[in-house]
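Below is one structure, written out as structure tokens, with a few remarks after it.
Computed from the coordinates by the stated procedures, all read-outs in this text should not be read as laboratory data. Here the structure is a predicted model, which is why all the values come from computation and not from measurement. In this analysis, Cβ positions are derived from the backbone assuming ideal geometry, glycine residues included, and neighbour counts consider all displayed protein chains.
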Amino acid sequence: MRRAGCGGAGGGGIQPPDERIKLQAELASDTEPVVLTGEQRAAVAEQIRETCAIRGWTIHALNVRTTHVHVVVTADAAPERVMEQLKAWASRRLNQLMGRKGQWWAYHGSTKWINDPEYLRNAITYVNEMQ
């Protein structure tokens, strides 16, 4: 199985924030950014764990932040498909929790294949300790 890293654990080691990309995303967005509460963050983490368990995916690292999510997972699917499924099910959980429908996540996100043990260790460290 190959490991799919979703959400920013860069291949060239730990990457600093890119303010240019952040500004471009803010300018392109026509909605206010979503800031998750503690309850919402817990619901997202729980749903990601459930989704991975149902699909037989192994979570190596998970960090649900107020404005984004980082996850490193071993899956039998492409990283883009993993991210799509995790976002879809997390959105359903949030909609249920909040009693509403709507967009919770930005379009797409960062996904990478992780096929090297050192890269995997670095990605896990980044998600668990450097957020």
Could you calculate the contour length gain from THR37 to GLU118, that is, 0.36 nm times the residue separation minus the distance between their Cα atoms, to one decimal place in nm?
-> 25.8 nm
Tally Lys and Arg at +1 and Asp and Glu at -1 over the other residues with C-beta under 15 Å from the C-beta of ALA42: what net charge comes out?
-> +1
Along the dipole axis of the stretch 76-131 (charges at Cβ: +1 for Lys and Arg, -1 for Asp and Glu; origin at the Cα centre), the most positive-end residue among MET83, TYR119, ASN95 is ASN95
Per-residue HN-Hα couplings for the stretch 76-90, Karplus 6.51 cos²θ - 1.76 cosθ + 1.60 at θ = phi - 60°, whole Hz, x for Gly and Pro?
-> 9, 9, 5, x, 5, 5, 4, 4, 4, 5, 5, 5, 4, 6, 5
Final fewest-first order of TYR126, TYR119 on the 10 Å Cβ neighbour count is TYR119, TYR126
Amide H contacts of THR111 (H built 1.01 Å from N, under 5 Å, at least 5 apart or other chain) = GLY7
If you keep only loop residues by DSSP, which trypsin sites (Lys or Arg not before Pro) in the stretch 26-131 have at most 14 other Cβ atoms within 10 Å of their Cβ?
-> ARG65, ARG100, LYS101
Among residues other than TRP105 whose Cβ falls under 13 Å from its Cβ, what is the net charge (Lys/Arg +1, Asp/Glu -1)?
-> +3
Dimensions (Å) - the stretch 70-131, Cα atoms, principal axes, largest first | 42, 26, 17
